[in-house]
Amino acid sequence: MRNLRNTRYDRWKPPARFEGRPLTAATWDLANDSILCTFGPTENDALIELVRVNVDANPQYVVLKSGFTFFSQVPSEHTIITSWDAPCPSPDLACDEVLSLHYFGDSLTACLVLAGGDIVVVREEPLAGEDRIEIVGSVDAGITAARWSPDEELLAITTKVDTVVFMSRSFEGVTDVTMTSEDLKASNHVSVGWGKKETQFHGRGAKALRDPTMPEKIDQGVLSPNDDSRASISWRGDGAYLAVSTIEGEARRIIRVYSREGVLDSVSEPVDGLEGALSWRPAGNLIAGIQRFDDRVDVVFFERNGLRHGQFSLRLTPEQLQLPDQHIRLQWNSDSTVLAVILADCTQLWTMGNYHWYLKHEVATRDLLSISPVVWHPEKSIRFMAAASGEYLSIPPHHMLIECR
Amino acid sequence: MALHEFEVQSHAIDVAFNADTSLIAVLHSRGIAIFEWKDVTVPSTSPKLTGRVTFRKGEDQQPVYQQICFVGTNEVLVMKRSEDCSVVERYGFDDDTGRMELTSSEPTSTPIACTLSSYFQDGAVYPYVQGKAGDLHSLTSTGQSLSHCKFPSSLPWVDIWNGDGPIAFGMSGNGHLYANSRLLVKNCTSFLVTPAHLILTTTAHLLKFVHITNVNGMNFSSYFYNIANSNQIWKSPLMTQRKMSDAGALSVVLG
């Protein structure tokens, strides 16, 4: 049972130049060992700025006459890569939103997917005939969630008209699938009830004649009061399957599992109080979600076929439980050892040992972004970044870079 | 499942033991709790709270507390990250007030410190910090300088052996074990330093004992044992005090 000991904690506050413009997305740039982030757009200003931040600033040493060493730290360098105006194409949205920011280290391009429907590519070194900033695709209906596959070859997008669109790296449509209520018939959730009370033998008698494979209580799939109605997508670590969590018919939240080719594989069984948080463990065996009860919140696990596979309860104080706008998010790290549970006022890191879940570390984080608040480093398995954007003027937006051992 | 479980005021960040494991210091987000554990050999006695510190709420930007270690019988050091740099605070037991108080607070000589630890020698404790570049800095004026103990980069697990001169052993996240800047093995899963030996487990399920002489003279082919499921050696402070000549002194917990 290993402890998580915090060995590195860096904070970057955007300089005054960005005052009034919130941080909207952040991602890792492995090629340059830095962080890429976007500022804006806001309701009043459709400008988006793409900025690279180098958090590994080298401090400078100055030796004074008396032999004491004084150091001054050069603040983390940031460079503004580019900026452009991105007026929202959709009249329904007051303000466009960055749903996905991804950086391709091999071609030095950043790709943004916006809620209004635009997919924008920013090339740091455009070849002849290529633009620096280009809108490579547009989904008229509007986008609700977007996620690149782990091998960076496929982009999965869910749209406002309940379709899932798959695009290739060159932004050509590969396939698209409509999410309908007919999908619910895809999986027949027969659970043989391993280890459950109803399958234990209680002796002969009328009760023993009950069918043990029928559970005593079946969930209907009632929505949680804290559900944020967002769609979320999570790919399996090998990129062969992805899970999409949406609300079906405004009544029930379901998780659909699609293969990479867009074929529906299975649908999750109904769970009362299931929320929008979704994260597929990269190792592939568990899909994590959140289930809210009246008196507690559980992290629930599903298998690829949609059946439940265990759960554990989160340790929340009564104040944390009652927070009305708390939208809990989940994120596995790259080697599947730590599950980050992102709450409104802190981020909890949970690890599993011998099928028991341990809360190993808690970091105070406030006002994190609602899309991708915590991004784990793809290669260093216990390093992550948390991006926050508070109210524009009082709490300055900042990054936190945390590494544990 | 645990032998003893005790609660602290808020979520625990780090734990440290003193040299003879009679005191346990727990760093949590609102302060420090010191527990006394008399009679370790009698399992039924559980640790009792003997001291407590609550951190003052300073300026708006809350400092982030990271690690804790003991530096004397009644003194602890806490490493925290403030606005620009790492700061080490010393808390000691004040005989006048009868409470634990903050006695000093200084930025570390390296701008950003990654680890705070201490090594014991001849009954004294020598704390040190490691910077981001793998440089080690002693935090006391007594004790030997650690300036020549430099790792190629910051290593999360560090221990110092002090014979003729200090040798720092460190392991990286991917299993590279270094003695100062010399790479010893690439497949280490955990290690432990005792007054005479370096003990390490490897990914090949071997437990190796290496006699420490000087940085360049360590022979790795001697004394190894095969263990079925090697993974970890837990460092119990008891081990560092006992000489290897004690029969049965070595207890290896395999994780």
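The values are calculated or read from the model by the stated rules, or taken from the named source; none is laboratory data. What you see is a predicted model, and the numbers here were worked out from it, not measured in a lab. A quick note on method: Cβ atoms are made from the backbone with ideal geometry, for glycine too, and the neighbour counts reach across all protein chains shown.
Values as computed for the structure displayed
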| quantity | calculated |
| --- | --- |
| Filter pass, A:Asp295 being of a type in the set (Asp, Glu), out of contact with any Asp or Glu (no Cβ under 6 Å at 6 or more places or on another chain) and touching a residue at least 40 places away in the same chain (Cβ under 8 Å) | no |
| In the range B:108-135, the residues that are over 16 Å from A:Thr7 (Cβ atoms) and of a type in the set (D, E, K, R) | B:Asp122 |
| In the range B:72-83, the residues that are outside any strand (DSSP E or B), surrounded by 13 or more Cβ atoms within 10 Å (Cβ to Cβ) and within 14 Å of chain A (Cβ to nearest Cβ) | B:Ser82 |
| B:Phe55 being of a type in the set (Phe, Trp, Tyr), within 14 Å of chain A (Cβ to nearest Cβ), in contact with a Phe, Trp or Tyr (Cβ under 9 Å, 6 or more places away or on another chain) and surrounded by 15 or more Cβ atoms within 10 Å (Cβ to Cβ) | yes |
| Cβ pairs under 8 Å, 6+ apart, first in the range A:233-254 and within 15 Å of A:Glu153 (Cα to Cα), second among the aliphatic types (A, V, I, L, M) and in a loop (DSSP other than H, G, I, E, B) | A:Gly237/A:Ala283 |
| Residues (closer than 23 Å to A:Phe104 by Cβ and within 14 Å of chain B (Cβ to nearest Cβ)) located in the range A:13-47 | A:Asp33 |
| Pick from the range B:58-69, criterion at pLDDT below 85 and more than 17 Å from B:Ser10 (Cβ to Cβ), ranking: farthest from the other protein chains (Cβ to nearest Cβ) | B:Glu59 |
| Residue match in the range B:95-107 (condition: polar (S, T, N, Q), away from every other protein chain (no Cβ under 14 Å) and under 30 Å from A:Val55 (Cβ atoms)) | yes |
| Single unsatisfied condition, B:Asp164 versus (1) in a loop (DSSP other than H, G, I, E, B); (2) at pLDDT 85 or above | (2) |
| Candidate set from the range B:134-143 (those that are touching a strand residue (DSSP E or B) at 6+ places or on another chain (Cβ under 9 Å) and surrounded by fewer than 16 Cβ atoms within 10 Å (Cβ to Cβ)); member that is farthest from A:Tyr9 (Cα to Cα) | B:Thr142 |
| Test: residue in the range A:45-60 that is assigned to a strand (DSSP E or B), surrounded by fewer than 20 Cβ atoms within 10 Å (Cβ to Cβ) and modelled with pLDDT under 80 | yes |
| Qualifying positions in the range B:1-52 - aromatic (Phe, Trp, Tyr), more than 14 Å from chain A (Cβ to nearest Cβ) and either more than 18 Å from A:Arg315 (Cβ to Cβ) or not in a loop (DSSP other than H, G, I, E, B) (or both) | B:Phe35, B:Trp37 |
| Enumeration of residues in the range B:144-190 that are surrounded by fewer than 18 Cβ atoms within 10 Å (Cβ to Cβ) and either among the hydroxyl-bearing types (Ser, Thr, Tyr) or touching a helix residue (DSSP H, G or I) at 6+ places or on another chain (Cβ under 6 Å) (or both) | B:Ser145, B:Ser147, B:Ser153, B:Ser181 |
| First in the range B:21-33 and in contact (Cβ under 8 Å) with a residue 40 or more places away in the chain, second anywhere and in a loop (DSSP other than H, G, I, E, B) and buried (at least 22 other Cβ atoms within 10 Å of the Cβ), Cβ under 8 Å, 6 or more apart | B:Ala25/B:Asn18 |
| Single match in A:Val161, A:Val177 (criterion: assigned to a loop (DSSP other than H, G, I, E, B) and at pLDDT 90 or above) | A:Val161 |
| Test: residue in the range B:209-227 that is exposed (fewer than 13 other Cβ atoms within 10 Å of the Cβ), away from chain A (no Cβ under 14 Å) and at pLDDT 90 or above | no |
| Positions within the range A:261-298 being of a type in the set (D, E, K, R), farther than 27 Å from A:Pro318 by Cα and in a loop (DSSP other than H, G, I, E, B), in sequence order | A:Glu261, A:Glu269, A:Arg281 |
| Sole exception among (1) among the polar types (S, T, N, Q); (2) within 14 Å of another protein chain (Cβ to nearest Cβ); (3) surrounded by fewer than 22 Cβ atoms within 10 Å (Cβ to Cβ) for B:Ser86, by number | (3) |
| Qualifying positions in the range A:361-387 - of a type in the set (Gly, Ala, Ser), within 14 Å of chain B (Cβ to nearest Cβ) and closer than 20 Å to A:Gly276 by Cα | A:Ala386 |
| Residues within the range A:309-364 that are part of a helix (DSSP H, G or I) and surrounded by 15 or more Cβ atoms within 10 Å (Cβ to Cβ), tallied | 2 |
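Condition check ((1) at pLDDT 90 or above; (2) on the phi < 0 side of the Ramachandran plot) across all residues:
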site	(1), (2)
A:Gly221	no, no
A:Asp228	no, yes
A:Val257	yes, yes
A:Val263	yes, yes
A:Val267	yes, yes
A:Ala277	yes, yes
